[in-house]
Amino acid sequence: MVFSSLIFLYYFLPITILLYFVLPTILKNFVLFATSLVFYAWGEPVYVFLMLFSTVFDYANGRLIDKYRHHKGIARTVFITSLAGSLGILGFFKYGGFVLDNLNHWFGLNVQTADLPLPVGISFYTFQTMSYIVDVYRDRVPVQKNMLSFGLYVTMFPQLVAGPIVKYGDIAHQLSYRKVTLERFGEGAELFIKGLAKKVLLANNIGTLWTSVKTVPADEVSVLSAWIGIIAFSFQIYFDFSGYSDMARGLGKMFGFDFMENFRYPYISKSITEFWRRWHISLGTWFREYVYIPLGGNRAGILRQFINLLVVWFLTGLWHGASWNFVIWGMYFGLFIMMEKWFLLRWLQNSHAFVGHVYTILVVIVGWVFFELEHISDAWTFIQTIFGFGSHNVTDTQSLYFLSTHWLLLLLMAVCATPFPKQVVSYLREKFHLAGNAAAVAMHVFFLLMSTAFLVNETYNPFLYFRF
């Protein structure tokens with residue numbers, strides 16, 4: 001089940017809200033836990049048992065670490081066992097086939113691989129349980145003794161399948177004590193509808209343009225078509241994932257939880273370093289706290305820092321998928337981060353902001369080519385096309401058709417990728433008070449109705465980060 005579906009919007013969510021607010025406080029966590037299991041099992045009834053196993057496994061390990069905290073050897077053994085178990089499950093389902101395929105290729109083997117579907121959200125909830133175990137072992141958070149509360153932390157449907165990655169310490173208190181006011185519920189509903197509109201009205205519509213470009217044979221793609229296509233994908237993945245994150249945060253508010261902001265207008269960045277402080281913030285925070293800093297961060301000289309960065313960005317790429325294009329994508333950004341820490345960032349800071357913007361957008365767009373095209377040869381051919389290498393026409397009738405039919409949507413998405421629309425709404429609310437609030441509510445109702453209308457007739461409704 002996905003948020004951008006009629007079943008979720010008009011059946012699952014209303015029933016969940018009704019049960020949550022009608023039943024007494026003592027049952028609220030149970031309601032969210034039970035409905036979260038239904039939400040996950042809707043499309044994958046078997047893999048819900050895998051998620052429950054991970055939940056019980058790390059709940060028990062957390063209790064054991066706390067119990068034997070003063071017996072360092074036992075606590076360390078449990079800690080290592082927990083991490084090995086979590087990584088083992090993730091590795092088996094997500095990377096087992098990838099590893100065997102590469103061993104077969106490199107060593108001429110013929111080991112058969114099982115074609116297992118990837119459990120939805122396994123990367124997200126595994127990182128959450130691992131961060132909990134690490135923080136309990138470090139004595140940074142108190143152990144959770146209530147099995148239901150811990151189960152809710154792992155399985156909570158608003159952020160289960162695609163984040164944001166929520167650290168236990170950020171919501172530990174909210175698992176036991178939270179309050180939902182009408183104003184807070186309204187804020188959450190508005191945030192959810194905004195995310196839904198970003199996903200359905202923007203990402204889905206521009207995604208069809210990228211799909212059209214991809215279906216054109218590589219040797220027939222013009223330079224202009226290639227640029228239009230990859231810009232369309234750049235917008236699609238941003239509004240798709242940030243829209244889902246907004247929906248998750250909005251749902252969290254509706255039930256009394258505060259999840260961290262996951263996107264902060266990344267396309268207005270003036271460097272790659274800034275871009276990654278604004279894009280998928282929860283993932284970047286996780287790798288910084290649980291990989292980069294434990295490796296030594298920037299405390300042991302520039303060479304060691306660069307090695308640590310390469311490790312982090314290799315893992316960042318691999319986290320996104322079991323394919324070499326993701327590894328290259330991660331290392332690609334890692335190299336730019338290293339160059340900026342070495343010298344490039346100082347030069348950008350001394351240059352006009354426009355230079356930084358252009359540089360960042362170009363680097364990011366090229367990066368999305370590696371991210372989206374699985375075969376490295378296809379990605380390289382596409383990059384050559386956008387930069388005019390080879391015998392490709394600069395423009396053709398097809399590219400002009402793409403541009404003439406989508407220029408307004410592309411312009412709208414460029415504006416919506418900035419803080420400007422939010423600033424306009426905030427200004428109207430402050431300037432006109434009740435009238436401004438009424439207009440904002442009417443606007444969100446309109447977005448909901450429009451999104452519903454699109455979902456009724458739309459056959460194209462992918463969610464890109466379900467792959468990860």
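The values are calculated or read from the model by the stated rules, or taken from the named source; none is laboratory data. Note that the coordinates shown come from a computational prediction; the quantities given were computed from them, not determined experimentally. Heads up, the Cβs are rebuilt from the backbone with ideal geometry, glycines too, and the neighbour counts pull from every protein chain shown. For the accessible areas, the whole protein counts, side chains as well, though only heavy atoms, and no ligand, DNA or RNA atoms are used. Shrake-Rupley method; radii C 1.70, N 1.55, O 1.52, S 1.80 Å.
Observations, loosely collected:
- Residue within region 313-323 that is out of contact with any helix residue (DSSP H, G or I) (no Cβ under 8 Å at 6 or more places or on another chain) and either more than 23 Å from Pro164 (Cα to Cα) or of a type outside the set (A, V, I, L, M) (or both) present: no
- Residue within region 320-329 that is open to solvent by 50 Å² or more (accessible area, probe 1.4 Å) and aliphatic (A, V, I, L, M) present: yes
- Residues of region 126-165 satisfying the condition of being among the aromatic types (Phe, Trp, Tyr) and either under 13 Å from the mean Cα position of the chain (by Cα) or open to solvent by less than 20 Å² (accessible area, probe 1.4 Å) (or both): Phe127, Tyr132, Phe150, Tyr153, Phe157
- Pair list, Cβ < 6 Å and 6+ apart or interchain, from region 30-52 residues that are within 20 Å of Tyr20 (Cα to Cα) and without any contact (Cβ under 8 Å) to a residue 60 or more places away in the chain to residues that are open to solvent by less than 40 Å² (accessible area, probe 1.4 Å) and not in a helix (DSSP H, G or I): Trp42/Met1
- Odd one out for Gly297 among (1) under 30 Å from Asp378 (Cα atoms); (2) open to solvent by less than 10 Å² (accessible area, probe 1.4 Å): (1)
- Qualifying residue in region 118-125 (condition: open to solvent by 10 Å² or more (accessible area, probe 1.4 Å) and either under 19 Å from Tyr47 (Cβ atoms) or more than 20 Å from the chain's Cα centre (by Cα) (or both)): yes
- Enumeration of residues in region 170-183 that are open to solvent by 30 Å² or more (accessible area, probe 1.4 Å) and either without any contact (Cβ under 8 Å) to a residue 40 or more places away in the chain or more than 24 Å from the chain's Cα centre (by Cα) (or both): His173, Ser176, Tyr177, Arg178, Lys179, Val180, Thr181, Leu182, Glu183
- Identity of the residue in region 194-218, among the hydrophobic types (A, V, I, L, M, F, W, C) and under 10 Å from Ser4 (Cα atoms), that ends up nearest to the chain's Cα centre (by Cα): Leu196
- Within region 25-39, the set of residues being under 20 Å from Ser86 (Cβ atoms) and open to solvent by less than 10 Å² (accessible area, probe 1.4 Å) comprises Ser36 only.
- Taking the numbered list (1) free of Cβ contacts under 8 Å to residues at least 24 places away in the same chain; (2) crowded, with 23+ Cβ neighbours inside 10 Å in turn, Thr215 passes all entries but (2).
- Taking the numbered list (1) in the same structural domain as Leu83 (by the TED database); (2) part of a loop (DSSP other than H, G, I, E, B) in turn, Val216 passes all entries but (1).
- Unmet criterion (only one of (1) in contact with a Leu (Cβ under 8 Å, 6 or more places away or on another chain); (2) open to solvent by 10 Å² or more (accessible area, probe 1.4 Å)) for Phe255: (2)
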